[in-house]
1. Which of Val194, Gln170, Leu362 sits farthest toward the positive end of the charge dipole of the range 20-362, with +1 on the Cβ of Lys and Arg and -1 on the Cβ of Asp and Glu?
2. Find the percent of Cα-Cα distances in the range 287-380 that exceed 20 Å, and round it to a whole number.
3. Given a Förster distance of 22 angstrom, what is the FRET efficiency for Asp527 paired with Ala165, based on the Cβ-Cβ distance and rounded to 0.05?
4. Lys/Arg Cβ at +1, Asp/Glu Cβ at -1, dipole of the chain taken about the Cα centre: which of Leu290, Ile419, Ser390 is farthest positive-ward?
5. Rg/Rh for the chain: what does it come to with C-alpha atoms and Rh from Kirkwood?
6. Rank by packing, highest mean first: peptides 254-261, 379-386, with packing defined as the count of other Cβ atoms within 10 Å averaged across residues.
7. With an 8 Å Cα cut-off and a minimum separation of 6 or more residues, compute the relative contact order for the chain in percent.
8. Taking every pair of alpha-carbon atoms in the range 459-552, give the share separated by more than 21 Å as a whole percent.
Amino acid sequence: MAEDSTTATDDVSLENRGGIFAPLLAWFERRVKPFPEEPPTRPPDKLLPFLWHYARTVWPWLMLMSALTVVVSVLEVMLFAFLGNLIDWLGTREPAEVFSEDASMLVWMGVVILIALPLAVFLQSTVLHQTVLGNFVMTIRWKAHRWMLGQSYGFYQDEFAGRVATRVMQSSLAARDVIMKVLDVLVYVGVYFVGSLVLVASFSVWMALPFIVWLIAYTVMLRYFMPQLKALSRKQANARSVMTGRVVDSYTNIMTVKLFAHAGHEAGYARDSMDGFLRTVYPQMRLVTLLQSSLSFINGMLLFTVAAAGLWLWSRGMVTVGAIAVGVGLVLRLQGIAHWIMWELSGLFESVGVVYDGMAMLSRARAVQDVEQAAELAVPSGAIRFDSVSFDYGRLPRGIATANSEDERGTSDERPAVISELSLTIRGGEKIGLVGRSGAGKTTLTNLILRLYDVESGQITVDEQNVAEVSQESLRRHVGVVTQDSSLLHRSVFENIAYGRRGASEEDVIAAARRASAWDFIQSLEDADGRKGLEAHVGERGVKLSGGQRQRISIARMFLKDAPILVLDEATSALDSEVEAVIQENLDALMHGKTVIAIAHRLSTIAAMDRLIVMDAGAIVEEGTHAELSAGNGLYAELWARQSGGFLESAKPGLAAG
């Protein structure tokens, strides 16, 4: 409770930042919703449509920000015009004449300097920093994250988690920066330059001519250097993603690294990617050096020619001293802006490169999608039916059910599909055990029920509803799963167990933990921050717990979910015999009246199931009770006979994981 009180105090302190302006600033902060509620849609895979996809909800404020930038730029150019007039007055008039004849101009410029410009800067900065910068990037992250959460399980098997996270985080910043640099920085510079050119031309076209020549030289220089910087930035963004992904992969699998004493190997693995990243930095810095040197030269030429032209024109009485002061002042200001815009453009193209790199991932279509207006699954009995289902992780063309037949895929001695023309009916409330060697397709079969992948031919129904035509969320709400790999979230024990049912109370969580024989060890937990019991955090993927403890937390979560269909994939494999016996009694109670699919290499744990389904090479080869199958001469009898200590011997290595 003390921690909650401290947090609340900190929140109040943060809310009060800004003094008397805090309410006004807070009003601007609320103009854009950082977390829009509408379902995420696939971003386009072209740059401008991709940027508009995220900017369309913010565009009125972006336009207001850009308009205020124009106002600030024009007012700043007006100050130089006032400076020229002031210098001329000081050189040609008596003090009394200035205050009598030009009083209205002095008052007007006082209003601009003291009121108009500060007010415009305040409004522009408020819209920029309060309304746009924080909310806009968070909107992009929110939409991108929600879209990526809907990607298929297969997508995440092919990608580094760190690489995905990096692209979501960096691409959102880069997309915002591209839009902001164009609408804020480039608009400011463009208006400022045009205003300066018009002002100087009002004195003399000859003084404006060097500005035009400089602009042409500056444009040619940028057209030469920027495409090269853009290409390098894209390569650099990809190299940065690879580098980050490799580093995160090492940290995520730190136990494996240590167990195999491969810290040196991992350092070398990361160094290769770091070296690859560095090889994109060196040529980029060479171009920057040449660009900066070229810019310094043309800036010097501009200053020299404007000053020389001004002196020549002044010597002939064609311009005043004030005009020369304005021209030279604008050149000096423009030199600073030119260096600034160079870095901004370099950053712009780097951001564009990052956006292109992230766009390739963030705009990828989802492999498994709900059909339009997908129905909610209803499970009155839990009957499951496989109707001529074939699946081969994308290697099996649609319409070709198996690789065993001689067709355009090749001859019959090729590797069989993971699942080939499989048909199976599981009655509502029936408890079946899936048996087979590693790679037989058992886990793949359960993954297809959950629609982690789409079948490549055939269909799967639950209570006569095609799983491909119901929403994925409603399908998975009705299926409870405990797998051999009991991976937990890096959150508290309470949050991990309560993940099984939204809104679960502490009493519900404790009851589930007791049923999973987890409550005793939970009470003794304490993390590095002093949080105890249910509030203790379990570490990334649950690394602070033993394998058996993780599995009991996972089983408690499944108890809390209480789904009508249960999938147990080696659910008790990480438990010792004593704990397993205790949990098994509760599992038996939980399974009552439910449809159960259990996978176990330890055949004794599923021998009492209503029916055993024996799989081999993606097909069903036997089915029956334990007594029937063990008395026969088939694969199950062979596997039962080969068990030593209750475990199934490995066979036929090299097949796809089942």
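1. Farthest towards the positive end: Leu362.
2. Within the range 287-380, distances greater than 20 Å cover 64 percent of Cα pairs.
3. 0.45
4. Of Leu290, Ile419, Ser390, it is Leu290.
5. Over the Cα atoms of the chain, Rg/Rh equals 1.13.
6. Packing proxy ranking, top to bottom: 379-386, 254-261.
7. Taking the mean separation of contacting Cα pairs over the length of the chain, I get 14 percent.
8. Looking at the range 459-552, the distances longer than 21 Å represent 39 percent of pairs.
Here, each number is a calculation from the coordinates, and none is a lab measurement. Computed from a predicted model, the values in this text were never measured in an experiment. Quick reminder, even Gly has a Cβ in these numbers, built from the backbone with ideal geometry, and neighbours come from all protein chains shown.
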